[in-house]
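Reviewing the structure listed below.
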Amino acid sequence: MADVFGNVHLGYMVIETDKFADWRRFGRDAIGMHVDETLSDVMRFRLDDNECRFLLHRGPAEDVSAIGWQLDDHSTFDEVVSRVTRHGVPITEGTAEETALRGVERLVRFPGPNALAQEIFTTARTSDTPLDMRVGGGFVTGEAGMGHVAITTKKPHQMHGYYNTVFDARLTDYIDETISGVKLKIRFLRVNHRHHSVAIAAVKGLPVNPIRTQVQHLNIQVADLDDMTASYQRVGELGFDMALGVGQHTNDKELSYYAVTPSGFEWEVGWNPIVVDAEAESTWETTTYQGISIWGHTPEGRTIIDKLAQFKTGAHSLVHREDGVPALSGSGIPDD
């Protein structure tokens, strides 16, 4: 079986929302992305020459509904499809319309943990329309993909096993953090030289998920520090909620802030994280860090009502079955 590590890159996200006007202000005016609106029920954001990095379609979920992964070539694509089908998990071929909306070629979809669909494609189409963005230095995409996604779960070992089975994901490091008396363990997985493309957060010792949405946050990376600080200011000036102010992470050393999207999950804009390049890969050792931040990332605007809502969500999750894909998770990967 061929190893596909390094041939997998985060390509796009699909978001279901009924708040198009708010998302337009958030994505274009606050974060600074290029927006394309060609259909009444579809909005697309661009970060670079790719036709689509975020596809928004109308619906009630107010959540991310799918993650799109770009694979380097047809042999990698065939290998991933073989892994999924060999374990008895069904795949769905993307329709011509779905493929066009995502701006990709050779699209396939299959189930993922937390009912979050996984989509793979081979080639991203580029747009001839010049970018109209409020980010002078641009966003960092390229060979490392466009950023990362963070997911909370009651089954972290199984989710780790899933991404290892499907994409040969490697464990970069852990963070142990206590928030409002709740102990969390976060696992960071890489599928290429980006420090992590997937972060998996779980409450230690309890089968509780305190997050309503399938995704806790998305991350995109700017090339210039000034663009990160400028977008932070715009988020506040335009009246959007801020989850965490500017700070620096302990593990990947990224400077970032976390805004609250119109759909309720968080959106991290970061600058200058470390990379696990070929030289570092050969000697990389998994480390556990205490706390998510070296400095900053101070909560902003959180109220007791927000906390009570989070506790209510966590209590509900005790009796709510969390969708997984056992066939692709194996027995899971326990912590070292």
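The values are calculated or read from the model by the stated rules, or taken from the named source; none is laboratory data. This is a predicted model, so every value here is computed, not measured. All Cβ positions, even for glycine, are placed from backbone atoms using ideal geometry, and neighbour counts span all protein chains on display. The accessibility values were calculated without ligands, DNA or RNA, using every heavy atom of the protein model including side chains. Shrake-Rupley method; radii C 1.70, N 1.55, O 1.52, S 1.80 Å.
Positive-end ranking of His34, Ile179, Ile91 along the dipole of the chain, with charges on Cβ about the Cα centre, is headed by Ile179. Take every Cα pair under 8 Å whose residues are at least 6 apart in sequence, average their separation, divide by the length of the range 126-262, and the relative contact order is 26 percent. Binning the alpha carbon pair distances of the range 108-214 at 5 angstrom intervals from zero yields the distribution 2, 10, 17, 21, 17, 13, 10, 7, 3, 1, 0, expressed in whole percent.
Considering only Gly59, Thr129, Asn114, the residue lying farthest towards the positive end of the dipole of the range 1-159 is Asn114, judged by Cα position with unit charges set on Cβ. Taking Cβ atoms as reference points and 11 Å as the exclusive limit, the residues near Asn192 contribute a net charge of -2, counting Lys and Arg as +1 and Asp and Glu as -1. Per residue, the accessible area of the range 60-219 comes to 37 Å², computed with a 1.4 Å probe over protein heavy atoms only. Rolling a 1.4 Å probe over the protein heavy atoms of the chain, with every protein chain left in place, gives an accessible area that is 53 percent carbon and sulfur. Annotation: amide H of Thr152 within the under-5 Å range of Ala201, Gln216, sequence separation 5 or more or interchain, hydrogens built in the peptide plane. Within the set [x] 35; [y] 47; [z] 27, the number that percent of Cα pairs over 31 Å apart takes when calculated for this structure is listed as [z]. Given H placed 1.01 Å from N in the peptide plane, which residues other than close sequence neighbours of Val198 have an amide H under 5 Å from its amide H? When sequence neighbours closer than 5 places are left aside, the close amide H contacts are Val149, Leu189. Dipole check for the range 112-200: with +1 at the C-beta of Lys and Arg, -1 at the C-beta of Asp and Glu, and the Cα centre as origin, the magnitude is about 340 Debye. For the range 65-179, the share of DSSP beta bridges that are antiparallel, to the nearest 5, is 60%. Computed about the Cα centre, the dipole magnitude for the range 146-248 is approximately 660 debye when only Lys and Arg (+1) and Asp and Glu (-1) carry charge, each at its Cβ. Using C-alpha pairs below 8 Å separated by at least 6 residues, the relative contact order for the chain is 20 percent. Among the listed pairs Lys154/Lys253; Lys204/Lys253; Lys183/Lys253; Lys185/Lys253; Lys19/Lys154, give every one whose C-alpha distance is greater than 20 Å. The answer is Lys154/Lys253; Lys204/Lys253; Lys183/Lys253; Lys19/Lys154. In the chain, helices alone account for a calculated mean residue ellipticity at 222 nm of -6000 deg cm²/dmol, with every DSSP H run of four or more residues adding -39,500 (n - 2.57). For the pair the range 138-217 and the range 44-59, the centres of their Cα atoms are 23 angstrom apart. A simple charge model with +1 on the Cβ of Lys and Arg, -1 on the Cβ of Asp and Glu and nothing else charged puts the dipole of the range 214-302 at about 360 debye relative to its Cα centre.
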